[in-house]
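The values are calculated or read from the model by the stated rules, or taken from the named source; none is laboratory data. All of these numbers come straight from a predicted model, not from anything done at the bench. Glycine also receives a Cβ, built like all others from the backbone with ideal geometry; neighbour counts cover every protein chain displayed.
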Amino acid sequence: MAGVEMFPKEYGYVVFVLVAYCFLNFWMGFQVGSARKKYKVPYPTLYAIESENKDAKLFNCVQRGHQNSLEMMPVFFLLMVLGGIRHPCVCAALGSLFLVTRYFYFTGYATGDPKNRLNIGKYGFLAVLGLVGCTISFGISLLRG
């Protein structure tokens, strides 16, 4: 296949981690949909208002956990795609760590106590920091030729 030769063969691991993140994101979206039904928050309402819905905080925590993961997605994908060209196995490992911590971030948040998102979820930022390092390393390697 034309163009595939420019990537290390281990880059496939990077691709699989990115696809796994997409599935995690779909699952989180389904959880938000279920919370909409459970807490009676109709579309297109993004966040429930506490004065109008006694379960607003519970719904908003589920929604916010998903929303934060959506906000992190472009940064995560960019760092994985670029850093993975030079360091595919390291990025795949860091990306897998990020994926696992995102799951716990979301499920912790969805308990209704926002502090629970950080129990394990906080370690995801270490994975992102590692991905930044891999991407910087890739940039330096390009400049050195």
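For region 127-139, check the following and say yes or no: at least one residue is among the hydroxyl-bearing types (Ser, Thr, Tyr), surrounded by 18 or more Cβ atoms within 10 Å (Cβ to Cβ) and under 19 Å from residue 26 (Cα atoms). The answer is no; no qualifying residue exists. Does region 16-24 contain any residue that is within 24 Å of the chain's Cα centre (by Cα), over 19 Å from residue 106 (Cα atoms) and modelled with pLDDT of 95 or more? Within region 16-24 (the criterion being within 24 Å of the chain's Cα centre (by Cα), over 19 Å from residue 106 (Cα atoms) and modelled with pLDDT of 95 or more), the answer is yes, since at least one residue qualifies. On inspection, residue 60 fails the criterion of being farther than 30 Å from residue 141 by Cβ and surrounded by fewer than 19 Cβ atoms within 10 Å (Cβ to Cβ).
Residues that are over 20 Å from the mean Cα position of the chain (by Cα) and aliphatic (A, V, I, L, M) were ranked within region 37-57; the one that is surrounded by the fewest Cβ atoms within 10 Å (Cβ to Cβ) is 49.
Of a type in the set (S, T, N, Q), in a loop (DSSP other than H, G, I, E, B) and at pLDDT 95 or above: does that describe residue 135? Answer is no for this residue. Pairing each residue of region 66-77 that is under 12 Å from residue 99 (Cβ atoms) with any residue that is of a type in the set (D, E, K, R) and modelled with pLDDT of 95 or more, provided the two are 6+ apart or on different chains, yields C-beta distances under 7 Å for 69/102.
Residue 96 meets all of the listed conditions (1) farther than 17 Å from residue 15 by Cβ; (2) surrounded by fewer than 21 Cβ atoms within 10 Å (Cβ to Cβ); (3) among the hydroxyl-bearing types (Ser, Thr, Tyr) but one, namely (1). Taken together, 43, 123 contain a single residue that is of a type in the set (Ser, Thr, Tyr), at pLDDT 95 or above and at negative phi, which is 123.
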